[in-house]
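The values are calculated or read from the model by the stated rules, or taken from the named source; none is laboratory data. This structure is a prediction, so every number in the text was calculated from the model and none was measured. Using ideal geometry, Cβ is built from the backbone for each residue, glycine included, and neighbour counts are taken over all protein chains shown.
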Amino acid sequence: MSHPREETSSVLKADLDHVWHPLTQHKKLADRPPKMMVRGEGATITDAKGNDYLDGMAGLWCVNVGYGRSEIAEAVYQQLLELPYYPHTQANPPASRLAERLSELTGGEPSRSYFVNSGTEANEAAFKLARQYQRQVHPTEPRHKVVSRYLSYHGTSLSTLAAGAFPERKSKFEPLPGDVVHVPPVYCYRCPFGLSYPSCDLACAKQVEYAIQAEGPETVGAVVVEPVSSAVGVLVPPPEYLSEVAAACERHGVLLIVDEVINGFGRTGAWFAHQHFGVTPDLLCIAKGLTSGYQPLGAVMATTGVFDAFLGEPGEHKEALQVNTWGGHAAACAGALANLEIMTAEELPKRAAYTGTYLLEQLRELLELPIVGDVRGLGLLLAVELVEEKEARTPLSGARVAAVVGACSEGGVIVGRSTGTGAGLGNCIVLAPPLVLSEAEADRIVEVLTNALKVMSDE
Ligand SMILES: Cc1ncc(COP(=O)(O)O)c(C=O)c1O
């Protein structure tokens, strides 16, 4: 069913006249207006003209339970009637219950949730809490530096941009705050050291400890990592990488911040990606799948050990020294609880592991094509890396990657593309569909993508 035509054109006029879209060049929008999505059900969204698309990106890597979940809408509605919001310096039932449930899902640690509104804010708060923790635990040491990795993305505020490393996103805002030290990423297909796993002996993990030691451990507060680096093109680390990094952090009194803004809530086939690797983050940053996009909400979760460093007497000012108006928003937390109930009842992490393996196996057949260099993934977080030439691994040009994305959209399947990272990359097709994806829908993604890649291979 299409949206009434007059309504659509008047909305688009309002949009073109008054909206400022992110990452969008408005000069071209009058000729090619944005798609207007008006409905969704399961893994399918519908635009104003009545066209259906299989959403291979779950919105922006976030609609984990799929569209059209009236249970979440109902939970939010009831909470809005009861009490929409009250500052989180006091308690409210959905936020308390949600914090309790999150602690169960981590397996007990991290155990304590500090609520914010987005992934950026979760990382920003984690950096601040890490600094405050270090100031309180090591009062004589200036432990303010953060070790992060090249090709990572941690958000859009100035400090999280500084921790991230996408030149296209950050260069116009430099100089950036914070003292961030970057180390090479875990990118086995393009190993920064020219090595291969396992004979590499995890040179990339060793760089983290090298950086801590070279900077002076007494100056380093935290290391931030996304277990599977999503936006750059789904870099799945070797099994021992994260535990080596965690051990280095522990040796030097440095906090391990694990960014699971995308990885969390079943996406990789476990509730949290760090659970695949047997590590316990000191601080765990979550957002996106926490509400599956039905409400804006994020959180930093802290271990009991970290939290205890914030206990003190009145006047000592050891408490978390920040507040945000919407943190612990009652209606958003009610939505998150309903979302987690669906994920639990439908065993969506398990389902993502199953469908992800099924999809990965089929995508691997694409390796026969001359422009497919690598296929990788964990759960329903996958990437197909495109190259001009297999032997040299030269990244496929931006225009050709965009043409593949466009052809998939014309075929009714939305696929993503890795973010421009500088370094000549941005050449991966990325997939992060809703975790409710059926096998038939997975087949359709593969069919449409295969056709688009075959056409591009012949050009
Ligand atoms: C790994 C990671 N961290 C943080 C963020 C920032 O989240 P938000 O866009 O909700 O601020 C993102 C966004 O995509 C992300 O991919």
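Is it fair to say Gly178 is in contact with an Asp or Glu (Cβ under 8 Å, 6 or more places away or on another chain), in the same structural domain as Asp282 (by TED's automatic domain parsing) and within 16 Å of the ligand (Cβ to nearest atom)? No: the conditions fail for Gly178. Within the range 360-383, the set of residues being under 22 Å from Pro349 (Cα atoms) and touching a residue at least 60 places away in the same chain (Cβ under 8 Å) comprises Gln362, Leu363, Arg376, Gly377, Leu378, Gly379, Leu380, Leu381, Leu382, Ala383. Checked against (1) closer than 24 Å to Ala338 by Cα; (2) touching a helix residue (DSSP H, G or I) at 6+ places or on another chain (Cβ under 8 Å); (3) among the charged types (D, E, K, R); (4) within 16 Å of the ligand (Cβ to nearest atom), Glu74 meets all criteria but (4).
Here is a yes/no grid of residues against (1) among the acidic types (Asp, Glu); (2) buried (at least 24 other Cβ atoms within 10 Å of the Cβ); (3) in the same structural domain as Glu109 (by TED's automatic domain parsing):
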position	(1), (2), (3)
Gln295	no, no, yes
Val300	no, yes, yes
His329	no, yes, yes
Tyr358	no, no, no
Glu365	yes, no, no
Ile371	no, no, no
Val387	no, no, no
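Annotation: Glu100 fulfils all but one of (1) touching a residue at least 60 places away in the same chain (Cβ under 8 Å); (2) of a type outside the set (Gly, Ala, Ser); (3) surrounded by fewer than 17 Cβ atoms within 10 Å (Cβ to Cβ); the unmet one is (1). Selection of first residues in the range 212-238 that are under 28 Å from Val401 (Cβ atoms) and of second residues that are aromatic (Phe, Trp, Tyr), restricted to Cβ pairs under 6 Å at least 6 apart or on distinct chains, gives the following pairs, ordered by first then second residue: Ala231/Tyr153; Leu235/Tyr187; Pro238/Tyr197.
Evaluation of Pro237 against the conditions (1) surrounded by fewer than 23 Cβ atoms within 10 Å (Cβ to Cβ); (2) assigned to a loop (DSSP other than H, G, I, E, B) shows that the sole unmet condition is (1).
Across the range 250-264, which residue is farthest from the ligand (Cβ to nearest atom) among those that are among the hydrophobic types (A, V, I, L, M, F, W, C) and in contact (Cβ under 8 Å) with a residue 40 or more places away in the chain? Walk me through it before giving the result.
Step one: filter the range 250-264 for residues among the hydrophobic types (A, V, I, L, M, F, W, C), giving 254-258, 261-262.
Now narrow it down to the ones that are in contact (Cβ under 8 Å) with a residue 40 or more places away in the chain: 254-255, 257, 261-262.
On the way: Val254: 20, Leu255: 17, Ile257: 11, Val261: 4, Ile262: 5 Å.
The extreme case among them is Val254.
Among the residues of the range 362-371, is there at least one that is in contact with a helix residue (DSSP H, G or I) (Cβ under 7 Å, 6 or more places away or on another chain), of a type outside the set (A, V, I, L, M, F, W, C) and within 25 Å of Leu235 (Cα to Cα)? Among the residues of the range 362-371, at least one is in contact with a helix residue (DSSP H, G or I) (Cβ under 7 Å, 6 or more places away or on another chain), of a type outside the set (A, V, I, L, M, F, W, C) and within 25 Å of Leu235 (Cα to Cα), which makes the answer yes. Close contacts from the range 391-417, counting a first residue that is touching a residue at least 24 places away in the same chain (Cβ under 8 Å) and a second that is loosely packed, with under 15 Cβ neighbours inside 10 Å, with Cβ to Cβ under 6 Å and a gap of 6+ residues or different chains, come to Pro395/Gly424. Looking at the range 21-57 only, could you name the residues that are within 21 Å of Ile429 (Cβ to Cβ), outside any loop (DSSP other than H, G, I, E, B) and among the polar types (S, T, N, Q)? Scanning the range 21-57 gives a single hit, Thr44. In the set (1) touching a residue at least 40 places away in the same chain (Cβ under 8 Å); (2) closer than 30 Å to Glu82 by Cα; (3) more than 16 Å from the ligand (Cβ to nearest atom), Lys318 fails one condition alone, (2). Scanning the range 241-264 for residues being touching a Pro at 6+ places or on another chain (Cβ under 9 Å) and either in a loop (DSSP other than H, G, I, E, B) or not assigned by TED's automatic domain parsing to the domain that holds Asp201 (or both) gives a total of 5.
Taken over the range 281-295, the criterion of being assigned to a loop (DSSP other than H, G, I, E, B) and within 16 Å of the ligand (Cβ to nearest atom) is satisfied by Pro281, Ala287, Thr291, Ser292, Gly293, Tyr294, Gln295. In summary, helices (runs of 4 or more DSSP H) completely within the range 83-164 and bearing 3 or more residues that are within 16 Å of the ligand (Cβ to nearest atom) and either of a type in the set (Ser, Thr, Tyr) or at pLDDT 95 or above (or both) occur at 119-137, 158-163.
Name the single residue that is modelled with the lowest pLDDT among those in the range 419-434 being part of a loop (DSSP other than H, G, I, E, B) and closer than 30 Å to Asn339 by Cα.
First, the residues of the range 419-434 that are part of a loop (DSSP other than H, G, I, E, B): 419-427, 432-434.
Adding the requirement that they be closer than 30 Å to Asn339 by Cα leaves 419, 432-434.
On the way: Thr419: 79, Ala432: 98, Pro433: 98, Pro434: 98.
Selected residue: Thr419.
Of everything listed in (1) in a helix (DSSP H, G or I); (2) modelled with pLDDT of 95 or more; (3) out of contact with any Pro (no Cβ under 9 Å at 6 or more places or on another chain), the single unmet condition for Arg169 is (2).
A count restricted to the range 53-62 and to residues that are away from the ligand (no atom under 13 Å from the Cβ) and either out of contact with any strand residue (DSSP E or B) (no Cβ under 9 Å at 6 or more places or on another chain) or not small (Gly, Ala, Ser) (or both) stands at 3.
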